[in-house]
1. Restricting attention to segment 164-172, does a residue exist that is in a helix (DSSP H, G or I) and polar (S, T, N, Q)?
2. Can Asp88 be described as at pLDDT 95 or above, outside any helix (DSSP H, G or I) and in contact with a Lys or Arg (Cβ under 7 Å, 6 or more places away or on another chain)?
3. Hey, does segment 72-95 have a residue that's closer than 30 Å to Glu160 by Cβ, of a type in the set (A, V, I, L, M) and within 17 Å of the chain's Cα centre (by Cα)?
4. Test each condition in (1) more than 22 Å from Tyr48 (Cβ to Cβ); (2) out of contact with any Lys or Arg (no Cβ under 8 Å at 6 or more places or on another chain) for Ala133 and report the one that comes out false.
5. Here are the criteria: (1) within 22 Å of Ala79 (Cα to Cα); (2) crowded, with 23+ Cβ neighbours inside 10 Å; (3) of a type in the set (Ser, Thr, Tyr). Tell me which single one Thr175 does not satisfy.
Amino acid sequence: MAQSTEQTGGGVAEPSATPRRRRPGGRTERIRAQVLDAVGAELAERGYDALTLDTVAARAGVHRATVYRRWRDVGGLLADFCAATADDDWQPEDTGSLEGDLAALNRENLAALTVQPSIAAALLAASFRSEEAARGLRRLWADRYARCEIIVARAVRRGELPPATDARRLLVTATAPLYHEVILLGTPPGLDPDLPGRAARTAVLAAGAGAFSRPTPANDPSEGLS
């Protein structure tokens, strides 16, 4: 998931990657696309505090009344921006192995977080300032995690994982180190080039040891009693 004003985090998102929004025909959808592209560009370049309906309208080249009438406020813009980001056909890469798939996903996430300007990082920051952005981002993450569950399903079909593997827990474990290093610790992306692959290998080893196996339901204690 090349960087443009249409790019967002993916993450596994994403939950990740760097998808492009679809561009349906019609004047209304064209205006929406222009406005949401402007939201991403303003957010990435200037941050949440500088994001206003007026600056977005000016950057999009549309009348301010159009933006006010449709989106009402910055929260509405951010919520729609997240919704539009999820409206794409992105799917995680199929490399032929679980470790390869997770490493590829991590590389996409790392690229989205570290490219400058990074819409993904800006949207994460905005989610701490805006409840609308936070809700939109949670929905976006849920969508990306759901799409990435195919990585685990493919691994189960290949015999790399047991059928009872909890896909969400595995995916979180595989991708979390990137966000911890880049967002929390501020580790420069070039300092640890093997981070995407190492995080993937760690998750695969944990999965092989049964760390993500769903518990088997306990037997009914009344069974066998007469």
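The values are calculated or read from the model by the stated rules, or taken from the named source; none is laboratory data. This structure is a prediction, so every number in the text was calculated from the model and none was measured. In this analysis, Cβ positions are derived from the backbone assuming ideal geometry, glycine residues included, and neighbour counts consider all displayed protein chains.
1. no
2. So Asp88 fails the test.
3. Looking through segment 72-95, at least one residue is closer than 30 Å to Glu160 by Cβ, of a type in the set (A, V, I, L, M) and within 17 Å of the chain's Cα centre (by Cα).
4. Every condition holds for Ala133 apart from (1).
5. (1)
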